[in-house]
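Accompanying notes for the structure given below.
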Amino acid sequence: MKKGGLGGAKTQKAGADFETSTAEDLLEKLLLKGYEITCEHRLSGAKSTLHGVSLKSNKNLKIEIYYQDGIYKLFFEPRGIDWRKYYSGRLKPDSAIYSEATNTLTIIEKKQQEGAGSVAEKLQTCDYKMQYYSRLVKGLGIKVELVWQLGKYFIDQEANLKSVFEYMASKGSRYYFLTIPVEELNI
């Protein structure tokens, strides 16, 4: 963050805009692939924040998409998973997709920034994030995958971040620039 706190606010705004637009993009791609929305999940009232979406394909395949806190109320709690038994702090994924057909929970972390800063360092947390979610679903037979969706800054910095991307790959983390191809998701 820059002196006076100006840098953090700009980065946070860029990140929030990126998260919103990429969530809409993924949902649109799924609808084009033959999925239909069967339910929207809002935790407190019809006009509250969207925490999840249920979808069904034309082949009757069901997936759930969770946003931020929604994963706890809509996925973990109904399965009897209390994160407090394992961790002192709670991670909130930007998005997560659970596929009933593949029994896979795909965590999607989205990062965007306008210039040099600490956001790139967060990519190196991939192994902790995998361990965190894998531990929570241990015993349920659910596979966890971690996918990063990276903004334009990361395209421009790809060569400079080569070792970070290699590290992510070595930990089983995939990454895509700007958009995630639906065909690459284990749904």
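The values are calculated or read from the model by the stated rules, or taken from the named source; none is laboratory data. These numbers were taken from a predicted model, which means no experiment stands behind them. Here the Cβ is made from the backbone with ideal geometry for all residues, glycine too, and neighbour counts use every protein chain on show.
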Matching residues in the range 2-27 - criterion: being over 16 Å from the mean Cα position of the chain (by Cα), loosely packed, with under 13 Cβ neighbours inside 10 Å and either modelled with pLDDT of 75 or more or among the hydrophobic types (A, V, I, L, M, F, W, C) (or both)
LEU6, ALA9
Please verify whether the range 174-184 includes one or more residues that are among the β-branched types (Val, Ile, Thr), surrounded by 14 or more Cβ atoms within 10 Å (Cβ to Cβ) and touching a strand residue (DSSP E or B) at 6+ places or on another chain (Cβ under 9 Å).
yes
Of all residues making up the range 99-139, the number that are of a type in the set (Ser, Thr, Tyr), touching a strand residue (DSSP E or B) at 6+ places or on another chain (Cβ under 8 Å) and either without any contact (Cβ under 8 Å) to a residue 40 or more places away in the chain or loosely packed, with under 13 Cβ neighbours inside 10 Å (or both):
1
Checking TYR153 against (1) of a type outside the set (D, E, K, R); (2) surrounded by fewer than 17 Cβ atoms within 10 Å (Cβ to Cβ); (3) more than 24 Å from GLY52 (Cα to Cα), only one condition comes out false. Which one?
(2)
Per the list (1) touching a residue at least 60 places away in the same chain (Cβ under 8 Å); (2) of a type outside the set (Lys, Arg); (3) part of a loop (DSSP other than H, G, I, E, B), residue check on ASN160 breaks on (1)
Select, from LEU43, LEU74, the only residue that is in contact (Cβ under 8 Å) with a residue 12 or more places away in the chain, surrounded by fewer than 18 Cβ atoms within 10 Å (Cβ to Cβ), on the phi < 0 side of the Ramachandran plot and among the aliphatic types (A, V, I, L, M).
LEU43
Of all residues being among the hydroxyl-bearing types (Ser, Thr, Tyr) and part of a strand (DSSP E or B) in the range 28-59, which is farthest from the chain's Cα centre (by Cα)? Just the residue, please.
THR38
Across (1) in a strand (DSSP E or B); (2) within 12 Å of the chain's Cα centre (by Cα); (3) not basic (Lys, Arg), TYR133 clears everything bar (1)
Any residue at all in the range 64-71 that is closer than 16 Å to SER134 by Cβ, not hydroxyl-bearing (Ser, Thr, Tyr) and not in a loop (DSSP other than H, G, I, E, B)?
yes
The conditions are (1) touching a Phe, Trp or Tyr at 6+ places or on another chain (Cβ under 6 Å); (2) more than 23 Å from ASN186 (Cβ to Cβ), and LEU105 fails exactly one of them. Which is it?
(2)
Considering LYS85, LYS92, which residue is out of contact with any strand residue (DSSP E or B) (no Cβ under 8 Å at 6 or more places or on another chain) and more than 19 Å from HIS41 (Cα to Cα)?
LYS85
Does any residue of the range 140-157 turn out to be outside any strand (DSSP E or B), under 17 Å from the mean Cα position of the chain (by Cα), within 27 Å of LYS56 (Cβ to Cβ) and not charged (D, E, K, R)?
yes
Take the residues in the range 163-187 that are charged (D, E, K, R) and assigned to a helix (DSSP H, G or I); name whichever of them is nearest to ILE108 (Cα to Cα).
GLU184
